[in-house]
Amino acid sequence: MVSLDFYKQEDFEGLNYALDEHQQRYTSTVEQALKRLSEINDPKAYAITVFENRQPSGFFVLDFGEDKFDLTDNEQSVLLRSLSINPDLQGKGIGKAAMQIADEFVRGNFPDCEEIVLAVNQKNLSAYHIYLKTGYLYDGKSRIGRSGPQYLMYKKLY
């Protein structure tokens, strides 16, 4: 069973996995994402651990800061970024399940939030299709990211 919780230091041992060169084009390692969070020291960004059967198995960041305005005008939104699943556990539906319950997690912990936004590289088709299958919408908006064009996607929470 997949569940989500706020990241705790003791989760890191299970999240200290390497991503291959292909995956690193599209997302950060957990270590890189945590380092960026500590450098920006933004109280509006939250590290989230994805658990599979109570074992740390993946990670993402919920960022309520200014970066979300590159994707939306909605002040009551959150940017989901740096999603990764341990490569040893990929292909088991953990990422899809995490995205299916992310909206419930956000609503439960941030009741004023109305929308989740994200950007996915246009070449990262597997991630794009997972987002579509879990209710995220793409309405034709794109931007250029660090590894090329990205689809801007969103999911309304009401």
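The values are calculated or read from the model by the stated rules, or taken from the named source; none is laboratory data. It should be emphasised that the depicted structure is a prediction, and the values quoted were computed from it without experimental measurement. Here the Cβ is made from the backbone with ideal geometry for all residues, glycine too, and neighbour counts use every protein chain on show. Quick note on the areas: whole protein, heavy atoms, side chains included, nothing else; ligands and nucleic acids left out. Shrake-Rupley method; radii C 1.70, N 1.55, O 1.52, S 1.80 Å.
Report the label-to-label distance for E21 and F69 in nanometres (one decimal), using points 7 Å from each Cα along the Cα→Cβ vector.
3.9
Would you please put 115-121, 151-157 in order of how densely packed they are, using the mean number of other Cβ atoms within 10 angstrom per residue and starting with the highest?
115-121, 151-157
Could you calculate the contour length gain from Q55 to S3, that is, 0.36 nm times the residue separation minus the distance between their Cα atoms, to one decimal place in nm?
Net length gain for the segment: 17.8 nm.
Sorted by accessible area with a 1.4 angstrom probe, largest first, how do L4, L125, L62 fall?
L125, L4, L62
Hey, what number do you get for the chain at 222 nm if only DSSP H runs of n ≥ 4 count, each worth -39500 (n - 2.57), divided across all residues, to the nearest 500?
Taken over the chain, the calculation gives -8000 deg cm²/dmol.
Tabulate in residue order the Karplus-calculated ³J(HN,Hα) for the range 133-149, using 6.51 cos²θ - 1.76 cosθ + 1.60 with θ = phi - 60°, rounded to whole Hz; enter x for Gly and Pro.
Going residue by residue, I get 5, 9, x, 7, 10, 10, 10, x, 7, 9, 8, 9, x, 5, 10, x, x Hz, with x marking Gly and Pro.
Multiply the residue separation of L89 and L125 by 0.36 nm, subtract the distance between their alpha-carbon atoms, and state the gained length in nm to one decimal.
Between L89 and L125, full extension yields an extra 11.1 nm.
What part of the accessible area of the chain, given as a whole %, is carbon or sulfur when the probe is 1.4 angstrom?
About 47 percent, which is the carbon plus sulfur part of the accessible surface.
Which whole number of Å³ per residue matches the convex hull of the alpha-carbon atoms in the range 1-118?
105
Could you pull out the trypsin sites (Lys or Arg not before Pro) across the range 54-84 that fall in loop regions by DSSP (anything but H, G, I, E, B) with no more than 15 other Cβ atoms inside 10 Å?
When the trypsin sites (Lys or Arg not before Pro) of the range 54-84 are filtered for loop state and at most 15 Cβ neighbours within 10 Å, R54 remain.
Solvent-accessible area per residue for the range 115-158 at a 1.4 Å probe radius, Å²?
Heavy-atom accessible area per residue stands at 54 Å².
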